[in-house]
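Working notes, structure below.
Nothing in this text is a laboratory measurement; each read-out follows from the coordinates by a stated rule. Given the structure is predicted, the values throughout are model-derived calculations rather than measurements. In this analysis, Cβ positions are derived from the backbone assuming ideal geometry, glycine residues included, and neighbour counts consider all displayed protein chains.
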Amino acid sequence: LYAKARAGELTNFTGIDSPYEAPESPDVHVDTMALTAEEAADHVIAALRSKGLLD
C-alpha cells in the first residue's frame, strides 16, 4: 500500500500525503515504548474483553 501511495495511486494515505491525526479520546492506549509486543497484544485483548467485544 505504501508503494502505491508514494506512486500517487492512492490518495489521502496517512503518513504519505495525509498527516497522522491522533484520536482525542482513544478507547485503548498502548505504550509501545514500555511494553513488549506480547504485552501490548495482551493489553489490547484485555481491553476488548472488558468492553464485551471478545469472549
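The C-beta contact set for segment 33-48 (first residue without any contact (Cβ under 8 Å) to a residue 12 or more places away in the chain, second residue of a type in the set (Asp, Glu) and surrounded by 12 or more Cβ atoms within 10 Å (Cβ to Cβ), distance under 9 angstrom, 6+ apart or interchain) comprises Leu35/Asp42. Taking the residues in segment 1-36 that are among the aromatic types (Phe, Trp, Tyr) and farther than 28 Å from Ser50 by Cα as candidates, determine which candidate is nearest to the chain's Cα centre (by Cα). Among them, the one singled out is Phe13.
From the list Leu35, Leu48, Leu10, exactly one residue is surrounded by 12 or more Cβ atoms within 10 Å (Cβ to Cβ), of a type outside the set (Val, Ile, Thr) and touching a Lys or Arg at 6+ places or on another chain (Cβ under 7 Å). Which is it?
Every option except Leu10 fails the conditions.
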